[in-house]
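These notes concern the structure reproduced below.
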Amino acid sequence: MFTMPQFAKMIADRERLDAHARALRRLVTPASVVIDLGAGTGVMSLLACQAGARRVYAIEPSSAVQVLAQAARDNGFAERIVILPRRSTEVMLPERADVIVSDLRGVLPPHATHFADLADARERLLAPGGRLIPAVDTLWAAVISAPDVFEQRRAVWQGAPHGLDLRSAQPYVDNLMERVRARPEQLLGPPVDWARLDYHAPLARAVRGRGTCVVTKAGLAHGLCVWFDAQLVDGVGYSNAPGTPETSIYGQILFPWPEAVTLDAGDHVAFELRADPLGDEYVWTWSAEIGRASEAAVKRFRQSSFKSWPVGPEELRTRAPSFAPSLSATGAEVLAVLEGMRAGQTIAEIVEQLRASHPRRFSSVDEAHGFVAELALRYAE
Ligand SMILES: C[S@@+](CC[C@H](N)C(=O)[O-])C[C@H]1O[C@@H](n2cnc3c(N)ncnc32)[C@H](O)[C@@H]1O
């Protein structure tokens, strides 16, 4: 869930906001129905009304969308905006939309359930021939020299505080992607586009691509710098390339190598990047083959965000298909609440029953109420 300061930053990113305003003005007519998918505090809904939309459906499960209720009145758009405080996958609409505007990305477009949610909305909620904003995202990669970030990631583990050897954490750190704000002069050659996401075409949840970066500036390289450029409609978009202003909400991702490599002009880095969905998250894998102008590959790296966090034997055991899970104490408490909900009980009734069945866990009404209310928010309708 985003906080109000985070929503404020999204609005303060004027390049992104202005591009969306332009895109909406291009696509929206007085007859248009617009869906603001993931409305947050509703700024895109207001922009869609400003562009002339007949009706805007603002879909957002976070209560941040309540800001829009008053803002719609304050701006004279209350008659045209319908707020749906739910996830888009749970929404049915009385009419299909001509335009869906959304930004469900993270620093990069493969993020959480972005593609699945967009595919669902496109199929169920968009009119034939309807348009999506954004239309296309292009993913870029370039070789980067980032000594500060690279060294700082390792410093604590290599610093031997109190003479302790903590280098066993190093392999995890080496597989950790990191958000950066790179400067153009840190890139050791031109970027290569390695994936194009056309949101009007069928969307796979996995993203894969490869390319070869040619080094044009000698330097100490630390990995690949990756970002995306957005095309909202033809000719309207924004770039997240290194050098974008501090106000940009995205930045770039450093896909580090396990060691720094000295590169000369003419060297090349053949890379492969892939993002594979795992539940509601992505596992990223990146490999690089570094070659000199006249020689075969001198270095090969292959890393994965899957290896960025230690998985203990207990976790491996409980993930095995042969494992028969039994309910934990917390699981039993959750089940009691869900069963109360299925039986149609009120929150007060569920709280009372929960306290009776788990008196040691819930010593006060407030504690039990908080527990039940949170589950109701997540699973009730
Ligand atoms: C990055 S914010 C964008 C907020 C606002 N639209 C903007 O562009 O400034 C993404 C929002 O999408 C919401 N969201 C994510 N998946 C959603 C879904 N399937 N249905 C509705 N909202 C969703 C999140 O709760 C979050 O508030």
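Couple of notes before you dig in:
- Just one residue in the set ARG361, ARG355 is basic (Lys, Arg) and part of a helix (DSSP H, G or I); that residue is ARG355.
- Scanning the range 84-105 for residues that are within 10 Å of the ligand (Cβ to nearest atom), surrounded by 17 or more Cβ atoms within 10 Å (Cβ to Cβ) and not in a loop (DSSP other than H, G, I, E, B) turns up LEU84, SER88, VAL101, SER102.
- Contact map, the range 288-301: first residue of a type in the set (Asp, Glu), second residue at pLDDT 75 or above and in a strand (DSSP E or B), Cβ cut-off under 7 Å, separation 6 or more or different chains; pairs are GLU289/ALA270; GLU289/ARG300.
One line per residue, one yes/no per condition, for (1) within 12 Å of the ligand (Cβ to nearest atom); (2) of a type in the set (Ser, Thr, Tyr); (3) outside any strand (DSSP E or B); (4) on the phi > 0 side of the Ramachandran plot:
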| position | (1), (2), (3), (4) |
| --- | --- |
| PHE2 | yes, no, yes, no |
| MET10 | yes, no, yes, no |
| GLU15 | no, no, yes, no |
| ALA21 | yes, no, yes, no |
| ASP36 | yes, no, no, no |
| ALA39 | yes, no, yes, no |
| SER45 | yes, yes, yes, no |
| PRO61 | yes, no, yes, no |
| VAL82 | no, no, no, no |
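- Look at the range 1-28: where a residue is without any contact (Cβ under 8 Å) to a residue 12 or more places away in the chain and more than 25 Å from GLU374 (Cβ to Cβ), no partner that is within 11 Å of the ligand (Cβ to nearest atom) and in a helix (DSSP H, G or I) sits 6+ places away or on another chain with Cβ atoms under 8 Å.
- Test: residue in the range 162-174 that is closer than 28 Å to ALA116 by Cβ and loosely packed, with under 14 Cβ neighbours inside 10 Å: no
- Residue satisfying all of: in the range 355-381; hydrophobic (A, V, I, L, M, F, W, C) and within 29 Å of THR89 (Cβ to Cβ); nearest to the chain's Cα centre (by Cα) among these: LEU377
- Residue match in the range 264-275 (condition: exposed (fewer than 11 other Cβ atoms within 10 Å of the Cβ) and either without any contact (Cβ under 8 Å) to a residue 40 or more places away in the chain or acidic (Asp, Glu) (or both)): no
- Total residues in the range 140-182, condition among the aliphatic types (A, V, I, L, M), in a helix (DSSP H, G or I) and touching a Phe, Trp or Tyr at 6+ places or on another chain (Cβ under 7 Å): 2
- Restricting attention to the range 23-34, the residues that are within 14 Å of the ligand (Cβ to nearest atom) and over 26 Å from the mean Cα position of the chain (by Cα) total 0.
- If you filter the range 291-312 down to residues that are within 29 Å of HIS111 (Cβ to Cβ) and of a type in the set (A, V, I, L, M, F, W, C), you find that the one that is modelled with the lowest pLDDT is VAL311.
- Filtered residues of the range 141-179 (kept if over 15 Å from GLY223 (Cα atoms) and either of a type in the set (Gly, Ala, Ser) or within 22 Å of the chain's Cα centre (by Cα) (or both)): ALA155, GLY159, ALA160, GLY163, SER168, ALA169, TYR172
- Only one of LEU108, LEU118, LEU132 that is buried (at least 19 other Cβ atoms within 10 Å of the Cβ) and assigned to a helix (DSSP H, G or I): LEU118
The values are calculated or read from the model by the stated rules, or taken from the named source; none is laboratory data. Given the structure is predicted, the values throughout are model-derived calculations rather than measurements. FYI the Cβ positions are ideal-geometry reconstructions off the backbone, even for glycines, and counts take in every protein chain you see.
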